[in-house]
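A quick write-up on the structure given underneath.
The values are calculated or read from the model by the stated rules, or taken from the named source; none is laboratory data. All values derive from a computational prediction rather than experimental measurement. All Cβ positions, glycine included, derive from the backbone under ideal geometry; neighbour counts span all protein chains shown. Side chains are part of the model used for accessible areas, which takes the heavy atoms of the whole protein and leaves out ligands, DNA and RNA. Shrake-Rupley method; radii C 1.70, N 1.55, O 1.52, S 1.80 Å.
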Amino acid sequence: MTSTSTTSPRAGAPAVGHRPAALGSLGLFTVLLGAALPLIDFFIVNVALPSIGRDLAAGPSVLELIVAGYGLSYAVLLVLGGRLGDLFGRRRLFLAGMTAFGLTSLACGLAPDAWTLVGARVAQGAAAALMLPQVLATIHASTTGARRAKALSLYGATAGLSMVTGQILGGVLVAADLAGTGWRAVFLVNVPVAVAGLLLALRTVPETRSDRPAPVDVPGTLLLAVALLTLLAPLTEGRSAGWPLWTWLSLAVFPFAAVAFWRVERRAERRGETPLVPPGLLDLVSLRRGLLLVLPLSGGFGGFMFVIAVALQQGLGLGAVASGLALVPMAVAFFGASLAGPRLVRRWGTRVVPVGALFQALGLGLLALTAWRSWPDLSVGSLLPGMALAGLGQGLQLPVLFRVVLSEVPQERAGVGSGVMVTAQQTALTLGVATLGTLFLSLSASGSTGTALTVTLLLQLAMALLTAGLAMRLPRTVG
């Protein structure tokens, strides 16, 4: 017998067989607020790092840990967060994650020293991993048809905008120095937002969970954690640490941990158990091919946001506000494309994705040409055309890909499917920052920052073209 997902308007266990309660407009706004907070916080710290370093006497390796600690705990625990939502109720886990996110943000904002901030950031990433998978799972379980398509498009718009506006907001908050808080404001601002989100969620978000939730897959959870940590930890910390022996040993362990995880999950599925990441999910063509595109798109996006922040602030000496304003055309174009996405998909299907990738590639090409010709006399205005085109292209891709990935996932596996997708996205973001960021910083250290920026942008252009080619293999229509 196949399990079904049920909902109730209250936090208690849902009654079996009840028709799922609809997610209203205010409820959708509330869960999208929960989706925005973790992604904003992944990027908001980029522009605050120089201030944090000066105030807390933190060196480059500790500053990288402030970024990487959040990203690592976030990526490692996302699938588990999705499973726990299926098990205990997605609304309940959303509330718990929102509460924890507010408290850990407060701890970050009040941190007396750099190592306390690192610990608080790790805890903040874990809180985000509890909250974020419940957003997509709730949308998937409590909406249908055109309303689901619209909700997923808005989720994609929220995700993309959060990445861009995180750095814009960070620049404004650091420059404003609210009540003398300086960089601390980028964390403290989350506290009232989390309180508002909690109050709204209590009234507007329906409870959803599986009628027959599977227990936590402990071996799979541990092996996935080992696989992700052995890959991401050395890549994020290797450059600043000077590539010590542990980084190479960790990378050597990664393939063995990944193979062990896959075999354990496959064995559990064959025995009729429910593994943490059911390998059978990859039999869904839409999920498999959609995830294959999410990886280069998110990796390039994450690397771009990090590189542009460093290039503008450290390379050109722009302030936090000016470097944030450079991203405004990208944010506006992304938002417009995301809103137009559902209509375009109804008419053209998934062919919208390769077209978006080509627009993104054109934008990156313009940015690379501008950096090559104008450095070091680069201005925010000269970046506007490339930023707008790149944002337009990303906005045509990301929301559609989210719909594609989840289109065939059954409701009883909504939490697992959502956890797998956001884990792939977050892992790619972290890898993009680690690999493209390392390349950019290495080239900058040995030559011109302008040349380093140009080379990195051209590599991202190649990734966009790869995405365009792979997108031609997507199912033509989205269910």
Spatial separation of Cα centroids for the stretch 277-302 and the stretch 390-444, in angstrom: 8
For mean projected area of the Cα convex hull in nm², calculated from these coordinates, the label among [x] 23.8; [y] 20.6; [z] 41.3: [y]
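Which longest uninterrupted range of the chain lacks any trypsin sites (Lys or Arg not before Pro) assigned by DSSP to a loop state (not H, G, I, E or B) and surrounded by at most 16 other Cβ atoms within 10 Å?
So the longest stretch without any such site is 11-270.
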FRET efficiency, Thr144 to Glu273 (Cβ-Cβ, R0 25 Å, nearest 0.05): 0.25
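What is the gain in length, in nm to one decimal, between Ala196 and Arg351 on full extension, counting 0.36 nm per residue of separation less the C-alpha to C-alpha distance? The partial results should precede the final answer.
Details: separation 155, 0.36 × 155 = 55.80 nm, distance 3.89 nm.
Contour length minus the Cα-Cα distance gives 51.9 nm.
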Computed label-point distance, nm, for sites Val321 and Leu369 using a 7 Å Cα→Cβ extension: 3.3
Heavy atoms of Val380: accessible area, 1.4 Å probe, square angstrom to 10: 50
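Pulled fully out, how much extra length does the chain show between Ala57 and Arg343, if you take 0.36 nm times their separation in residues and subtract their Cα-Cα distance? Walk me through the intermediate numbers first.
Working: separation 286, 0.36 × 286 = 102.96 nm, distance 5.12 nm.
Extra length from Ala57 to Arg343 when fully extended: 97.8 nm.
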Cβ-derived FRET efficiency at R0 41 Å, Arg203 paired with Asp283, nearest 0.05: 0.55
Rounded accessible area of Leu199 (nearest 10 Å², 1.4 Å probe): 110
Whole-Hz ³J(HN,Hα) from phi, Karplus 6.51 cos²θ - 1.76 cosθ + 1.60, for the stretch 400-408, glycine and proline x: 5, 5, 4, 5, 4, 4, 9, 4, 10
For Glu207, distant residues with modelled amide H under 5 Å away: Ser8, Arg10
Theoretical gain in end-to-end length, Trp243 to Met472 [0.36 nm per residue, Cα-Cα removed]: 78.6 nm
Neighbour net charge for Arg263 - beta-carbon separation under 12 angstrom, K R +1, D E -1: +1
Under the Karplus curve 6.51 cos²θ - 1.76 cosθ + 1.60, θ = phi - 60°, whole-Hz ³J(HN,Hα) for the stretch 141-147, x wherever Gly or Pro sits: 8, 10, 9, 9, x, 5, 5
Mean-position separation - Cα centroids, the stretch 234-264 and the stretch 372-387, in angstrom: 37
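Give, to the nearest whole percent, the P(r) tail of the stretch 61-102 beyond 16 angstrom, counting all Cα pairs. Intermediate values should be presented prior to the final figure.
On the way: 411 of 861 pairs.
Distances greater than 16 Å cover 48 percent of the Cα pairs.
Once the Cβ-Cβ distance between Asp177 and Thr116 is put in as r, and R0 is 30 Å, what FRET efficiency do you end up with, to the nearest 0.05?
Details: r = 21 Å, r/R0 = 0.71.
With R0 = 30 Å, the Cβ-Cβ based efficiency is 0.90.
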Accessible area of the chain divided out per residue, in Å², using a probe of 1.4 angstrom: 38
Per-residue HN-Hα couplings for the stretch 242-255 [Karplus 6.51, -1.76, 1.60; θ = phi - 60°; Hz; x = Gly/Pro]: x, 6, x, 4, 4, 5, 6, 5, 5, 5, 5, 6, 3, x
